[in-house]
Amino acid sequence: MKNIFVLGGTGFVGSHVCEQLVRVGWQVTVPTRRRVNAQAIQHLPGLTVLELDVHDEAALTHAMAGHGAVVNLVAILHGDPAAFAKAHVQLTEKVARACLANGVSQLVHVSALGADPARMTTAPSYYLRSKSAAEAVLAQVASASPALRVSVLRPSVIFGVGDQFMNVFAKLQAIFPFIPLAGADARFQPVWVSDVAQAIVRVLALPHHGGAAHTWELVGPDVMRLRDLVHMAGALSGAGAGKGRPIFGLPMWMARIQAFLMELAPGAPLMSRDNLDSMRVDNIATSGMPGLAQLGITAAAIEPVARSYLSR
C-alpha cells in the first residue's frame, strides 16, 4: 500500500484524484491552509487532511515524511509574474527538495499543455513561462537524482462536473442574449477530469525508471475552437431554446480591453490579458508525445460527458 501526499487535493482536479487514489486502496494525505477547504474529500476512507501552508518549506518537508509518492496539482490561472513564480516555480523547487530530503520515490507534477522547458523565457504568457520553468526545475532534479522518478503530465483544458470552464459559459448564456468572445478561434483539445485522475493513478503504478523526467500530454479526442465549445455549453444547458446564444468573436485589441476590465472586477477574472496571451498557442497535443492511450486509457469525448451535467 502506498502513502501518497497530494498538494492541491482540495481543488476541482484534486478531489477527483483523491477519490481514485483511495478507491485503489492507497493512503492519502492532503495539506491545505484551512481545513474547511477539504469538506468535499475529508470523508474519504484512508484520507488525512493536514492544516499546512505548503509554501512553508520546513513544515512541508516535515509533513511529507513517511510518504512514498507525491502529487503536485497546485496551480493558478491569474496573477502577476511574482504570483505565477511563487505558485509554479518556487513551490515546485520546495516540493522537489522535500521529496529528496524524505527519500520519496515518485513525484507526479501536473503541468499544462503548451509548457516546454525550452521556452521558459519565450512562451507568450506569464502562465506558460512559469509552467515551463517549473518543468525545467524538475528536469534538472530528475537528471541529478535518479532515485526519484519524476513524471510530468500536461493536460489541455479540463472539463467535468463542477468545472470552471463549460459551466461558466453555460451560466453566462443563461443571463446574456449574446456572447462577445475573446480568443474565439483558439483551439483546444479538452480532457475529462476523470481521465486526468486515472492517468495520475496509472503513472503512480508504473515501474520505477529514474534519471529523466517522463512526460505525457493528456488530451481528449476532440479538437475544437473556443467559440464551438462555448456554443456547445449553451446548447447543452438549454440556452436560447437549446440553440445556444449568438457568439461574436472580438478582435484582439477589443479582447484586451475586455480582459483588462475583467481584471478590475472583484474576485478572479473570467478572462485576463495573460489568458489571452496563453491562447496564442494552440492548446492541442504534440505529434508523437505519449498520452492517455499509452497509459491504457480511452479518452472520453466532451459532448456526452458535458451533456450529462450541463443538461441538469
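Structure above, values below:
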| read-out | value |
| --- | --- |
| Cut-off under 5 Å, modelled amide H: who pairs with Ile179 long-range | Ile247, Phe248 |
| Size of the range 116-188 as Cα extents on the principal axes (Å, biggest first) | 56, 29, 16 |
| Reciprocal of mean inverse Cα separation for the range 270-312 (Kirkwood radius, Å) | 13.6 Å |
| Degrees between helix 166-175 axis and first principal axis of the chain (Cα, 0 to 90, nearest 10) | 30 degrees |
| For Phe159, residues with placed amide H under 5 Å, excluding near neighbours | Val191, Trp192, Val193 |
| Total formal charge among the other residues, if their Cβ is under 10 angstrom from that of Ala184, Lys/Arg +1 and Asp/Glu -1 | 0 |
| Charge dipole magnitude, Cβ of K and R +1, D and E -1 - the range 1-57, Cα centre, debye nearest 20 | 220 debye |
| Of all DSSP beta bridges in the chain, antiparallel share, percent nearest 5 | 5 percent |
| Exposure proxy ranking, count of Cβ atoms within 10 Å, fewest first, for Met289, Met120 | Met289, Met120 |
| Charge dipole (the range 185-303, unit charges on Cβ, about Cα centre) - positive-most of Leu270, Phe248, Leu292 | Phe248 |
| The range 46-123: Rg to Rh, with Rh as the Kirkwood radius over Cα pairs | 0.99 |
| Principal axis dimensions, the range 143-280 - Cα atoms, whole angstrom, descending | 56, 31, 27 |
| Candidates Gly296, Gly234, Gly11, ranked by Gaussian network fluctuation over the chain, Cα under 10 Å, top entry | Gly296 |
| Two-decimal log10 I(q)/I(0) for the chain, as the Debye equation yields it once each C-alpha is a single scatterer, q = 0.07 Å⁻¹ | -0.27 |
| Long-range HN-HN contacts of Leu113 with modeled amide H, under 5 Å | Ser156 |
| The chain, dipole about Cα centre (Lys/Arg Cβ +1, Asp/Glu Cβ -1), debye to the nearest 20 | 320 debye |
| Principal-axis tilt of helix 226-237 within the chain, Cα atoms, nearest 10 degrees | 80 degrees |
| Cα-based Rg / Dmax (Å) for the range 225-312 | 16.6, 44 |
| Cα pair distances in the range 2-102, grouped into 10 Å bins until the bin that holds the longest one, percent each | 16, 50, 30, 4 |
| Quotient of C-alpha Rg and 2.2 N^0.38 Å, computed over the range 31-173 | 1.12 |
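Throughout, read-outs are computed from the coordinates displayed, never taken from laboratory work. Source: prediction; values computed, not measured. Methodologically, a virtual Cβ is constructed for each residue, glycine included, from the backbone with ideal geometry; neighbour enumeration extends over all protein chains shown.
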